[in-house]
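Nothing in this text is a laboratory measurement; each read-out follows from the coordinates by a stated rule. This structure is a prediction, so every number in the text was calculated from the model and none was measured. Cβ: placed from backbone, ideal geometry, glycine included. Neighbour counts: every protein chain shown.
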């Protein structure tokens, strides 16, 4: 990889963390603090501002002035894959971690991932489970990922990028360089494309721990631009099948069958409500159900979801009342003794 630039102390960090940022003023301070609060202290944070215009630059400048481990790059708006590749070039650590400006890394994330990579030299990237949260940080459900290489690769070949959560991933930098980094023409699905190329040179893995709070909101890529995401994903999957000498699948991969158009705001919110209810986060479901009723002007479907959220079996008060009702009904249903029978 050639000579690696050193900081003023001559030390090379263990982990280089790369965070592209675009108009994330609401969230970026929390993301930066979560990196600074890691139990593993030997890191550098490379922040690439992608032409922000909402005051994001003022926030990241303030943190960069406080911590010499933070390196700031102010750029024009070129798209985040451009800055991921620049981050790969600028990184000094042998390990290279992704971080999004709207997510929160839990304190032991880097420590656990570094330990795993040291113990498994054939592993080229390791991810983790994540807790999905809404824009305000309310939990919506745990993202559970497969742990074994074979399961992860099979899921990726179905286009399921969440099988290895990108903002929770830590890579071996030399492996990422060896496969050519990220492909600009696969932007929006660059994670699936790069994972499938890495799977050809090493092992993929996930840790079973929740080590990231993964934010879902209406402006995130996972909630918008689904059509363009599908086009990029199709390109990446076609390349992966060709490299493996595999025939095209009889039907399109699962993710592409799901993505036929961009989801509407109300469809996204309905998905969040159902996800939160299924995971038992009743108050999150109720909040979004109320918003859905307002946004849909009281549609029947929205009112039905609100009723489901209010009467969810997962709600402690509702569950207690239903248990009490069953007990009372059970007491009343005892068969009375027959006439003339001793009691």
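Structure data summary
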{"read-out": "Relative contact order, percent, segment 15-243 [alpha-carbon distance under 8 Å, six or more residues apart]", "value": "22"}
{"read-out": "Which of 34, 65, 52 has the fewest Cβ neighbours within 10 Å, and the rest in rising order", "value": "65, 34, 52"}
{"read-out": "DSSP beta bridges in segment 15-243 [antiparallel fraction, %, rounded to 5]", "value": "30"}
{"read-out": "Estimated inter-spin distance, residue 310 and residue 118, nm [label 7 Å along Cα→Cβ]", "value": "5.5"}
{"read-out": "FRET efficiency, residue 239 to residue 278 (Cβ-Cβ, R0 41 Å, nearest 0.05)", "value": "0.75"}
{"read-out": "Cα gyration tensor shape of segment 15-243, rounded if a/c is under 1.5, else prolate or oblate by comparing a/b with b/c", "value": "rounded"}
{"read-out": "Förster-model FRET efficiency, 35 Å R0, residue 75 and residue 263, C-beta, rounded to 0.05", "value": "0.70"}
{"read-out": "Spin-label model distance (nm) - residue 62 vs residue 293, 7 Å beyond Cα toward Cβ", "value": "3.8"}
{"read-out": "Sequence of 48, 171, 218 once ranked by neighbouring C-beta atoms within 10 Å, starting from the fewest", "value": "218, 48, 171"}
{"read-out": "Separation between Cα centres of segment 172-220 and segment 89-128, rounded to whole Å", "value": "11"}
